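Here's the structure we're looking at; comments come further down.
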Amino acid sequence: MTVTRWRWVRTTTGVEVDPAGEDDVTELGDEEAILRTCRTLAVVGLSPRAERPSHRVASYLKEQGYTIVPINPQVGEILGEVVYPDLMSVPGPVDVAVVFRRSDGLADVVDQAIAVGARAVWMQEGVVDQQAAAKARAAGLLVVMDKCMRKEHLRLAHQERGGFHEQDE
């Protein structure tokens, strides 16, 4: 099987795929490419409890305009969305599998992400599995490991605003 690894680039007209590898563009890191180009996020391990990190992150991302698809086999609805027991049960396309599960369950999530045609796997802070990450990359998926999607979104938004400005006195 041949895997095409697309290069996401920033051009004068926006962010796009650059399979030709032209030199006059700025290549994006996986985090920025995912945040800028992927809109449907399947949040694996999303908790219905508002105080849990998975709930706070998914709620924030939904407020930012991302489509949230909750994955949790024990709940029927979270954040006003229908919950699915696993990625294979999601009826529509999934851009990113955002993982809030222990690292020892990651191999199955990566297998499902590959099977459903996801473009990326984002493993939240504390979720690390080098073998699963390598498998996802070998299948052509973008991979982010041990980083919070909310924090990365906020960091990117801060960079776009040019940082904090001192108030005029």
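The values are calculated or read from the model by the stated rules, or taken from the named source; none is laboratory data. The structure presented is a predicted model; accordingly, all values stated were derived computationally and were not measured. For neighbour counting, all protein chains shown are included, and Cβ atoms are generated from backbone atoms with ideal geometry for every residue, glycine included.
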Reported set for region 44-55 where residues are surrounded by 15 or more Cβ atoms within 10 Å (Cβ to Cβ) and either on the phi > 0 side of the Ramachandran plot or charged (D, E, K, R) (or both) is G45
With (1) assigned to a loop (DSSP other than H, G, I, E, B); (2) modelled with pLDDT under 95; (3) under 22 Å from E152 (Cβ atoms) as the list, and V75 as the residue in question, which single condition is left unmet? (3)
List the number of the failed condition for D129; all other conditions in (1) in contact with a Leu (Cβ under 8 Å, 6 or more places away or on another chain); (2) over 28 Å from A157 (Cβ atoms); (3) surrounded by fewer than 20 Cβ atoms within 10 Å (Cβ to Cβ) hold. (3)
Being polar (S, T, N, Q) and touching a Lys or Arg at 6+ places or on another chain (Cβ under 9 Å) is the filter here, so list the residues in region 116-144 that pass it. Q124
Which numbered condition trips up I71, out of (1) of a type in the set (A, V, I, L, M, F, W, C); (2) in contact with a Gly (Cβ under 8 Å, 6 or more places away or on another chain); (3) surrounded by fewer than 19 Cβ atoms within 10 Å (Cβ to Cβ)? (3)
